[in-house]
Amino acid sequence: MKRTAKILAGLSLLICQHINAQSTYKNPLPVEFGDPYVLQVKGDKYYMYGTGNAKNGFAAYSSADLVNWKNEGQVWHAGNKNGWSDSTAAWGGAYWAPEVYEYKGKYYIFYSAQWKENPTKELENFRIGVAVADHPTGPFTDLNTKPIFDPGYPVIDANVLFDKSGKIYLYYSRCCYKHAVKSEVATWAREKGWFNEIEESWVYGVELKPDFSGVIGEPVMLLRPPVKMSDKQAEWESRSVTSKEVNRRWTEGSVIFKKGDIYYMMYSANYFGGKNYAVGYATSKSPLGPFKKAANNPVLQKNGGIVTGTGHNSITYSPDGKEMFCVYHARTSATGDKRVVFIDKMKILKDGKLIVEGPTTTPQAIPAK
């Protein structure tokens, strides 16, 4: 009887441990992605895409609960029959920031890469492409043998809004490359003898053609770093410069969504490879602005040195649809330079203020089913 009692007690302990293990999770998740993007497929599961974990392309992970992820392997390869990129270019072809959307029964992956058409041999010749597949795990094939459009400067970080109006909008970041901008921060840095000029990246939006074959009209500049140092956003958005890290200020990694009648655009600032990478947001009543940056920025940033480099987020919802989550990459003192995935709750308060409850590294409740 004592033996049976011990066995039952042991089983009970294991069951309790299992239940406890399934009721909480801890950041970071065991996924080494930069720029993570999560697609929720109704009646199926979640799929995560990101930068890294693939050669000349993109990989995907799947999950039923946003916590336990299965590697689905590579889903898009630069060598597909319509591939337009240059895998021999700098940064291994720069296959960055994939986002996948379900649209009319198909799945479309928007991504950044180095364009092989490069007569002036630019170091940064990034453009945005789109590929299609029948399944979230691919294989994806490019719609065309060229990028969606050529604005005449390098662009990255595609994000797409399927608006209730029926229109589709593409958002992207114009790269800092050869984009020196006058500002009080630039003057300050030059007077200190740190940098001769400061290059900036800006977020733009433009309407997409319904078949994704190009854009409609001219892109509209929506977000940029502050010009004046007295601007309340200038301190946190200029840390890469004011810490003497690099002569660039970024506005990138935008993600837009609508809550009520307000469009929220989250964005990342500072050097993605440094400790000061952080997230803010802006709001507008129109998909193409004007956008007003929030007073409570940044809403996600380093925390005491344990977690740094928090940025390039996407958003998703719990299986029951009631909880909103911010999915982003960061670094920790344990993971070093590797970018790993974090998922933390975020909320829109009654007054419209957006908050992210992170970064966390302590046990958190698993997303509600």
- Range of Cα positions in the range 133-256 per principal axis (Å), largest first: 54, 29, 27
- Taking all pairs of different Cα atoms in the range 257-306, averaging 1/r and flipping that mean, what Kirkwood radius in angstroms comes out? 11.9
- Message: For Val299, what accessible surface area do you get with a 1.4 Å probe? Give it in Å², rounded to 10.
- Response: 20
- Can you give the extra length, in nm with one decimal, that the chain gains between Lys350 and Glu32 once fully stretched, where that is 0.36 nm per residue apart less the Cα-Cα distance? 111.0 nm
- Query: Given a 1.4 Å probe and the protein chains all in place, what does the accessible area of Trp91 round to, in Å² to the nearest 10?
  - Reply: 140
- Message: Tell me the mean residue ellipticity at 222 nm calculated for the chain from its helices only (DSSP H runs of n ≥ 4, each -39500 (n - 2.57), averaged over every residue, nearest 500).
- Response: -3000 deg cm²/dmol
- Item | Sequence of Phe325, Phe149 when ordered by accessible area, the most exposed leading, probe 1.4 angstrom | Phe149, Phe325
- For Asp65 and Ser286 in the same chain, what is the full-extension length gain: residue separation times 0.36 nm, less their Cα-Cα distance, in nm? 76.3 nm
- Using a Förster distance of 35 Å, how high is the FRET efficiency between Ala334 and Lys209, based on the Cβ-Cβ distance and rounded to 0.05? 0.15
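Where the eigenvalues come from the Cα gyration tensor of the chain, what are the semi-axes √(5λ) of the equivalent ellipsoid, largest first, in whole Å?
Here the semi-axes work out to 35, 26, 20 Å.
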- Query: Under 5 Å between amide H atoms, partner at least 5 residues away or on a different chain: which partners does Ile128 have, H built in plane at 1.01 Å?
  - Reply: Ile148, Phe149
- Collect residues whose amide H, placed 1.01 Å from N in the peptide plane, falls under 5 Å from the amide H of Ala278; neighbours closer than 5 in sequence don't count. Ala269
- Query: For Asp231 and Thr145, what is the calculated FRET efficiency with R₀ set at 35 Å and r taken between the beta-carbons, to the nearest 0.05?
  - Reply: 0.20
- Query: Taking the range 21-166, how much of its Cα-Cα pair set, in percent, is spaced more than 20 angstrom apart?
  - Reply: 47
- For helix 2-23, what angle does its Cα long axis make with the longest principal axis of the chain, in degrees from 0 to 90 and rounded to 10? 20
- Of Lys209/Lys275; Lys182/Lys258; Lys106/Lys345, which pairs sit farther than 31 Å apart, going by alpha carbon to alpha carbon? Lys209/Lys275; Lys182/Lys258
- Heavy atoms of His135: accessible area, 1.4 Å probe, square angstrom to 10: 110
- Stretched out fully, how many nm does the piece from Lys81 to Lys121 gain, at 0.36 nm a residue minus the Cα gap? 12.0 nm
- Item | Under the Karplus curve 6.51 cos²θ - 1.76 cosθ + 1.60, θ = phi - 60°, whole-Hz ³J(HN,Hα) for the range 223-235, x wherever Gly or Pro sits | 9, 8, x, x, 7, 9, 6, 7, 4, 4, 8, 5, 4
- Query: Once label points are set 7 Å from the Cα along Cα→Cβ at both Asp163 and Tyr317, what is their separation, rounded to one decimal in nm?
  - Reply: 2.1
- Message: Restricting to Cα atoms and excluding each atom paired with itself, what does the Kirkwood estimate give for the range 246-369 in Å?
- Response: 15.0
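The values are calculated or read from the model by the stated rules, or taken from the named source; none is laboratory data. The structure displayed is predicted, hence computed values, not measured ones. Virtual Cβ from ideal backbone geometry, glycine too; neighbours counted across all protein chains shown. All accessible areas refer to the heavy atoms of the entire protein, side chains included, with ligands and DNA or RNA removed. Shrake-Rupley method; radii C 1.70, N 1.55, O 1.52, S 1.80 Å.
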